[in-house]
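Accompanying notes for the structure given below.
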Amino acid sequence: MADAETDSLTAEQQACLALWAVPGLGPRTLAALRAFADGSLAALASVPVRDWVSQAPVSPQVRTRLAAVDRLPPLAERVLAACRRAGMGVAFAGQHTYPDRLREVEDAPPLLFHRGCPGLPRRRVAMVGSRHPDQGFLPFARDFARKVAGAGVGVVSGAAVGVDQACHWGALDVGGETWAFLGSALDALDPAQARLLPHFLGQGGVFFSELPPGVRASVTTFPRRNRLISGASDVVLVLRAGKGSGALYTAEAGRAQGRPVFALPGDVRQAAAVGCNQLLRDGHASACMGPEDVWRVVGVQPETAGPRDITASWEELSAEAKGTYGVLDRVPRTFDEVLVGSTLSPAALTSALVELELTGLVIQHPGKLYEKV
């Protein structure tokens with residue numbers, strides 16, 4: 001069901017949700033509208049659309065669609081009502097339910113629709129591949145993902161039949177975290193995704209989509225969602241990809257976002273491995289020879305790691321701990337560097353860092369260096 005955050009939107013979030021539901025209006029247009037409204041979309045929601053639409057920095061097609069809207073708040077409520085009927089939540093950028101790393105991506109959506117409860121931040125790997133790999137590969141992919149997830153690393157993929165679903169199942173096998181980013185709205189699943197969803201919801205997985213209710217998958221939505229798979233992850237791994245495979249779009253997006261990209265080498269005689277081998281040949285990916293390569297790049301030590309038992313939820317953290325977490329990064333920072341970016345006293349900051357360490361959200365390295373997990 002839609003969560004409490006969804007049911008108590010601010011005026012800014014309400015305007016954002018309404019505008020996001022207008023076909024053809026993407027992240028860059030939304031940013032232009034925010035600038036047009038002097039930095040606050042709420043100003044657009046407080047007056048009829050006809051009062052500002054003629055001057056809005058939007059395409060002619062979007063202007064026509066906006067002109068058919070009387071006011072933004074009723075449109076936002078209609079979207080929320082559709083979310084409630086479909087059991088969807090809405091996560092706005094900056095909320096803990098919105099993937100932390102995705103916020104770094106230049107054209108990240110301002111919000112995501114989700115089914116399931118996004119967990120606390122952790123290291124995650126995008127594991128993607130073709131729908132039709134070579135015979136016998138899917139059990140290997142599932143076992144690979146099982147080992148990765150068993151070390152406490154989240155598995156992110158696209159819920160497509162083939163390699164994607166094998167990786168999701170591998171994570172679910174060991175009670176690991178797994179996220180799926182879809183190329184359709186969450187109330188417009190294809191049959192294979194619909195069969196997978198109950199297993200996700202029953203074992204802590206999450207379905208995400210940037211598309212508002214009612215939008216079906218198309219040839220344009222699938223490439224767009226690939227940037228979300230890579231953007232929400234720390235590293236991208238292409239397990240199997242033939243020539244022209246959609247998994248190669250995820251690798252390309254990962255490279256553009258500065259994510260490390262790995263590919264599993266394949267037999268040069270196998271058409272299903274051509275894409276992976278070309279990534280390696282062209283220097284666009286590093287070779288992955290096993291789960292240990294994934295563990296190494298995300299900084300996990302599997303001999304001591306496992307699915308973490310975090311007893312304190314994000315909501316139970318103190319305001320000081322939450323604020324401190326926002327100051328930290330995935331690059332180790334000294335106590336003094338964190339202090340400069342914080343509004344806390346040294347004693348209060350020390351307490352907040354200890355709280356974050358105890359919940360497993362922060363690692364302290366030798367020399368009092370602190371890093372987000």
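One residue stands out in the range 279-289 among those that are touching a residue at least 40 places away in the same chain (Cβ under 8 Å) and part of a loop (DSSP other than H, G, I, E, B): the one that is nearest to I229 (Cα to Cα), namely A285. Please determine, by comparing only the residues of the range 103-115 that are at pLDDT 95 or above and open to solvent by less than 50 Å² (accessible area, probe 1.4 Å), which one is nearest to A247 (Cα to Cα). Across the range 103-115, the extreme among qualifying residues is A108. Kindly establish whether V238 is closer than 20 Å to V297 by Cβ and touching a Cys at 6+ places or on another chain (Cβ under 9 Å). For V238, the condition - closer than 20 Å to V297 by Cβ and touching a Cys at 6+ places or on another chain (Cβ under 9 Å) - is met.
Of all the listed residues (P57, P48), the sole one being open to solvent by 50 Å² or more (accessible area, probe 1.4 Å) and over 19 Å from L112 (Cα atoms) is P57.
Note on the range 186-268: enclosed helices (runs of 4 or more DSSP H) holding 3 or more residues that are surrounded by 22 or more Cβ atoms within 10 Å (Cβ to Cβ) and at pLDDT 95 or above are 221-231, 247-256. Checking each residue in the range 153-176 for being open to solvent by 10 Å² or more (accessible area, probe 1.4 Å) and more than 21 Å from D190 (Cα to Cα) picks out D173, V174, G175.
To keep it simple, each residue is scored yes or no on (1) within 30 Å of G87 (Cβ to Cβ); (2) part of a helix (DSSP H, G or I).
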site	(1), (2)
Q13	yes, yes
A32	no, yes
A43	no, yes
V47	no, no
R50	no, yes
P57	no, no
V62	yes, yes
L66	yes, yes
P73	yes, yes
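Being surrounded by fewer than 23 Cβ atoms within 10 Å (Cβ to Cβ) and touching a Pro at 6+ places or on another chain (Cβ under 6 Å) is a property that holds for A82. The requirement of being touching a Ser or Thr at 6+ places or on another chain (Cβ under 9 Å) and of a type in the set (A, V, I, L, M) is fulfilled somewhere in the range 173-184, by at least one residue.
Residues that are surrounded by fewer than 21 Cβ atoms within 10 Å (Cβ to Cβ) and in a helix (DSSP H, G or I): does the range 300-307 have at least one? The answer is no; no qualifying residue exists. Assess whether A347 counts as being under 25 Å from the mean Cα position of the chain (by Cα), open to solvent by 70 Å² or more (accessible area, probe 1.4 Å) and without any contact (Cβ under 8 Å) to a residue 12 or more places away in the chain. It is false that A347 is under 25 Å from the mean Cα position of the chain (by Cα), open to solvent by 70 Å² or more (accessible area, probe 1.4 Å) and without any contact (Cβ under 8 Å) to a residue 12 or more places away in the chain. Remark: pairs (first residue in the range 243-262, under 15 Å from Q278 (Cα atoms) and free of Cβ contacts under 8 Å to residues at least 40 places away in the same chain; second residue charged (D, E, K, R) and open to solvent by 40 Å² or more (accessible area, probe 1.4 Å); Cβ separation under 6 Å; 6+ apart in sequence or on different chains) = V261/R255. The residues in the range 135-152 that are open to solvent by 30 Å² or more (accessible area, probe 1.4 Å) and either in contact with a helix residue (DSSP H, G or I) (Cβ under 6 Å, 6 or more places away or on another chain) or hydrophobic (A, V, I, L, M, F, W, C) (or both) can be counted, and the count is 5. Every listed requirement among (1) in contact with a Pro (Cβ under 8 Å, 6 or more places away or on another chain); (2) touching a residue at least 60 places away in the same chain (Cβ under 8 Å); (3) open to solvent by less than 30 Å² (accessible area, probe 1.4 Å) is met by C276 save one, (2).
The values are calculated or read from the model by the stated rules, or taken from the named source; none is laboratory data. The shown structure was predicted, so the numbers you read here are calculated from the model rather than taken from an experiment. Every residue, glycine as well, gets a Cβ built from its backbone with ideal geometry; the counts of neighbours run over all protein chains shown. Only protein heavy atoms, including side chains, enter the accessible area calculation; ligands, DNA and RNA are left aside. Shrake-Rupley method; radii C 1.70, N 1.55, O 1.52, S 1.80 Å.
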